[in-house]
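Heads up, the thing below is written out as structure tokens.
The values are calculated or read from the model by the stated rules, or taken from the named source; none is laboratory data. In this text the structure is predicted, and so the values were computed from the model without any measurement.
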Amino acid sequence: MSIVKGPDNSREEQLCRLMDRYEKDLLRMCCMYLRDMNMAEDAVQETFLKAYNALSSFRGDSSEKTWLYRIAVNVCNDMRRNAWYRFIDKRIDLDRLQIPVEAQSEESLALMTEIMRLPRKWMEVVLLYYYEDIRIPQIAEMLGVSQTMVSRRLKKARELLKTQWRE
């Protein structure tokens, strides 16, 4: 599979194509994951830098979207482990976060707020599955867990969201 390789194999052109195609989606995902727009922008830049450096080693075993999202998830996890991340107000609301999304209803924003309140392992599968439209096998590959684990996390997240939504 030669999805990433362009006709002239120019790494810069390949990177530009990847950025044009996935930058907004990666920014939205990183922003929801990190709860900070500036950190999300840094995470996306770091993702594309790592992708650029690894373009020659991309074998095409997965789609380029799966590959980039896996890099982004790892970058976000690294940023969350950083000591500075502790100083971010994790109670931030969506209005202040300024996530780049289309106009949505108040109900959709309330649901997104509840999703962001979920524990990380459940939040990430919900974001990837429902908002980024990535299938369970690809999510399992990105997160380095089994497909069964992804299904269990999705089920648990849905149960938690139902409970929170009723309240």
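Which of the following residues is at pLDDT 85 or above and either not hydroxyl-bearing (Ser, Thr, Tyr) or not in a helix (DSSP H, G or I) (or both): Pro100, Pro137?
Pro137
Looking at Asp8, Asp20, which one is at pLDDT 80 or above and among the charged types (D, E, K, R)?
So the residue among Asp8, Asp20 that is at pLDDT 80 or above and among the charged types (D, E, K, R) is Asp20.
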